[in-house]
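Peer 1: Below is one structure. I have some questions about it.
A short reminder: the numbers here are calculations on the coordinates, not readings from a lab. Note that the structure is a prediction, hence the values are computed from the model and not measured. Here the Cβ positions follow ideal geometry from the backbone for every residue, glycine too, while neighbour counts run over all protein chains shown.
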Amino acid sequence: TLKEESQTLVEKDQKNIWHHMSKGDATKEPMIATEAKGSWITDHNGNEYLDGMSGLWCVNVGYGREELAQAAYDQLKEMSYTSMSQSHLPAIKLAEKLNEMLDDEYMIFYSNSGSDANEVAFKMARQYHQQNGESSRYKFISRYRAYHGGSLGALAATGQSLRKYKYEPLTSGFLHVAPPDNYRKPENQSVEEYNLLRAQEIEEKIIWEQKETIAGLIMEPVITGGGVLIPDPVYVEKVQEICNRHGVLLIMDEVICGFGRTGKTFGYMHYDVKPDIITMAKGLTSAYLPLSVTAVRKDIYEAFNDTEENSHFRHVNTFGGNPASCAVALKNIEIMEEENLTNRAAVLGEKLRDELKELENHPYVGDVRNQGFVMGIEMVEDKATKEPATDQRVSKIMGECKANGLIIGRNGDTVAGYNNILALCPPLSSTDDDLDFIVSVIKKVFKANE
Ligand code: PMP
């Protein structure tokens, strides 16, 4: 019977698969997804869930898009593989398309994952400075609470201690500063003053560390996985100005924010900045196939175009720029444009905020914030002290949402005891009914937990 079949699946899963971010706890029954359409996933028991996280912040155009399956099939049939030491049509078309979407001229370097794209950015930045005769510049600055990937360099950039400390030593040369967290700013400072002070800390770091040692600064426009921390525009613009003044490359991690999520094509476009390097993954293909990009400003690329021996970028990646992935990315972007999903993100985000802002009256909710269709709900034990809500309290809300058919997320392992921010990042293709469903489940669950 179906029930027996499902039980066998669970046993086989538990016997053979070590799940991501798991303790190896074989008593925890996995959710086995069997089908997905639009914003909805069906599991092996026939339960349906609205995926309020778009997978891991990535399925922007929703599940089950025939056009994307067709694009992969057509490309695989036509020409399945060429390495990026050579070239192929989908890679060329996609690079041209991305340059249309960016507001400067960039060279497109293909890899497979967000972590890859960031590693490539670090290697390029270091070599770029060497090509310019500044080989002392090898350090990177990033922010506490941000996530930049799981490989040793990207993990070194990551500012979430729980993810890191068991895997040290990580790649050396990564320094951290605190990001602006406007909900927790000191009361005697305005948002703008506070944000400028946080930017100022970056300049101090650069000076104290010797500016001649700093290669780059990596940031997400909005820290997403680390708690949906939305900076004031003055912060991002000041950071750019500081980087420019000290010869530090600005690397923008658009792995989550890119491709419409925040209500603009790329997250940095909310601000008056032009990053030197931009990394993309997730929403680039809506996760139908793996693909990532490190986009590098032309003038940086030019530094590598030396006739000198050994001045090329010595990095290869077998699957990077896979033809089927590129074809899917192109089709994914076409869908985003045809359905105006970037604008839809802005509209849905605003509606969601209008509906959920009232949660700030709830005894355990301190702050509800969003940029486009990514939202954070910060839970606290005490609204006056802003003491973070306990793990138990946050888990209970998540569990009850799931029991009511809604998957929501929370910020990653920022630090022990500080994992109190719920995240919502549904597909940009969500319908009005989907939005109503999200709102009704969240309101119901919070009401039951007053
Ligand atoms: N950067 C950011 C901002 C991310 O959120 C992630 C993944 N959650 C990564 C990089 C790493 O991407 P990947 O898991 O594809 O390596």
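Peer 1: Too long at a 22 Å Cα-Cα cut-off: which of Lys139/Lys282; Lys97/Lys139; Lys97/Lys274; Lys123/Lys264; Lys238/Lys274; Lys28/Lys402? Kindly include the intermediate steps, with their values, before the conclusion.
Peer 2: On the way: Lys139/Lys282 27 Å; Lys97/Lys139 32 Å; Lys97/Lys274 18 Å; Lys123/Lys264 28 Å; Lys238/Lys274 12 Å; Lys28/Lys402 15 Å.
Table pairs above 22 Å Cα-Cα are Lys139/Lys282; Lys97/Lys139; Lys123/Lys264.
Peer 1: While we're here: Summing Lys, Arg as +1 and Asp, Glu as -1, what charge do residues with Cβ under 13 Å from the Cβ of Leu89 carry, Leu89 excluded? Working shown, then result.
Peer 2: On the way: positive: Lys93, Lys97; negative: Asp74, Glu78, Glu96.
Neighbourhood net charge equals -1.
Peer 1: Also, I was wondering about something else. Could you order the peptides 385-391, 340-346, 217-223 from most to least packed, using the average number of other C-beta atoms within 10 Å per residue? Can you show the working numbers first?
Peer 2: Numbers: 385-391: 15.7, 340-346: 20.0, 217-223: 26.4.
For the peptides 385-391, 340-346, 217-223, the packing ranking is 217-223, 340-346, 385-391.
Peer 1: OK, next. Percent relative contact order of the chain, based on C-alpha pairs within less than 8 angstrom and at least six residues apart?
Peer 2: On the way: 882 pairs, mean separation 95.1, N = 450.
Once normalised by length, the contact order is 21 percent.
Peer 1: Given R₀ = 51 Å, FRET efficiency for Lys123-Lys3 by Cβ-Cβ distance, to 0.05? Mind showing how you got there, number by number?
Peer 2: Working: r = 51 Å, r/R0 = 1.01.
After rounding, the FRET efficiency stands at 0.50.
Peer 1: Quick one: length gained pulling Gln130 to Asp74 fully straight, 0.36 nm per residue minus the C-alpha distance?
Peer 2: Values: separation 56, 0.36 × 56 = 20.16 nm, distance 4.27 nm.
Full-extension gain reported as 15.9 nm.
Peer 1: Which FRET efficiency value, to the nearest 0.05, do you get for His246 and Tyr167 by plugging their Cβ-Cβ distance into 1/(1 + (r/R0)^6) with R0 = 30 Å? Each step should come with its number before you reach the end.
Peer 2: On the way: r = 30 Å, r/R0 = 1.01.
Result of the calculation: an efficiency of 0.50.
Peer 1: At a 10 Å Cβ-Cβ cut-off, how would you order Val347, Val120, Val273, Val59, fewest neighbours first? Intermediate values should be presented prior to the final figure.
Peer 2: Values: Val347 16, Val120 24, Val273 19, Val59 28.
In increasing order of surrounding Cβ atoms, one gets Val347, Val273, Val120, Val59.
Peer 1: At 0.36 nm per residue, and after removing the present C-alpha to C-alpha distance, how many nm does the segment from His20 to Glu192 gain when stretched out fully?
Peer 2: Values: separation 172, 0.36 × 172 = 61.92 nm, distance 3.89 nm.
Separation in residues times 0.36 nm, less the Cα-Cα distance, equals 58.0 nm.
Peer 1: What is the sum of charges around Asn404, taking Lys and Arg as +1, Asp and Glu as -1, for the other residues whose C-beta is under 13 Å from the C-beta of Asn404?
Peer 2: Values: positive: Lys396, Lys402, Lys443, Lys444, Lys447; negative: Glu48, Glu400.
Net charge in that neighbourhood comes out at +3.
Peer 1: Output wanted: per-residue J couplings in Hz (rounded whole) for the stretch 40-55, from phi through Karplus 6.51 cos²θ - 1.76 cosθ + 1.60, θ = phi - 60°, x for Gly and Pro.
Peer 2: Along the stretch 40-55, the couplings run 10, 10, 10, 9, 5, 9, x, 6, 10, 10, 7, 7, x, 10, 6, x Hz.
Peer 1: Could you work out how far the C-alpha centroid of the stretch 154-196 sits from that of the stretch 333-367, in angstrom?
Peer 2: 26 Å
Peer 1: What distance in nm lies between label points placed 7 Å from Cα along the C-beta direction at Ile32 and Gln86?
Peer 2: Distance between the two pseudo-spin positions: 4.1 nm.
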